[in-house]
1. Kindly point out which whole DSSP H helices in the chain project their C-alpha atoms 18 angstrom or further along the helix axis while averaging a Kyte-Doolittle hydropathy of -1.0 or above.
2. Using just the helices of the chain, give the 222 nm mean residue ellipticity in deg cm²/dmol: DSSP H runs with n ≥ 4 each add -39,500 (n - 2.57), and the total is spread over all residues, rounded to 500.
3. Report the local net charge at D51: Lys and Arg +1, Asp and Glu -1, summed over other residues whose C-beta lies under 14 Å from its C-beta.
4. Would you calculate the separation in nanometres between label points at A105 and V42, each defined as 7 Å from the Cα along the Cα-to-beta-carbon direction?
5. Which whole-number percentage describes the relative contact order of the chain, with Cα contacts under 8 Å and a sequence gap of 6 or more?
6. Over the chain, give the accessible area per residue in Å² for a 1.4 Å probe, as an integer.
7. Just read off the accessible area of E44 with the full protein assembly in place, 1.4 Å probe, to the nearest 10 Å².
8. So, counting K/R as plus one and D/E as minus one, what does the shell of residues with Cβ under 14 Å around I71 add up to?
Amino acid sequence: VAVFGARVTMETGLFGRLDGCDVIALRSEETNLVSDIYVRVVEEAKASPEDYEQLRSLAHSVIEREKVDAIVLAGTDLAFVFNEHNTDFPHLDGARVHIQAIMDALAGSES
């Protein structure tokens, strides 16, 4: 997998918590791009169409070049960029995982 999120999250492979997965590091300029967009999205609580297209294009490029199985959308603020209807590449959405865990806890179930 490759990780999109805050710089520290990307540079540490989700803080080393992806046991059993090979985490491919992005190129320096790619890390900078994702980090810059991520910080802007956090600060503005929204994403522009350009932010979406840059990250979407990068995801497709990384998947093709590195032959990764998926992009881990590790920053919950990436929910301002991607949703289940506009994400056209293999991915794991951290925001959806967190929301499901919260809903399961509220419902008293465990997954």
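1. Sorted by number, the helices that extend far enough and score high enough are 28-44, 94-107.
2. That comes out to -15500 deg cm²/dmol.
3. -3
4. 2.1
5. 29
6. 60
7. Approximately 100 Å² of E44 is accessible to the 1.4 Å probe.
8. Residues near I71 contribute -3 overall.
The values are calculated or read from the model by the stated rules, or taken from the named source; none is laboratory data. Remember, it's a predicted structure, so these values are computed and weren't measured experimentally. Here Cβ is always computed from backbone atoms with ideal geometry, including for glycine, and neighbour counts include all displayed protein chains. These accessible areas exclude ligands, DNA and RNA; they are computed on the full protein's heavy atoms, side chains included. Shrake-Rupley method; radii C 1.70, N 1.55, O 1.52, S 1.80 Å.
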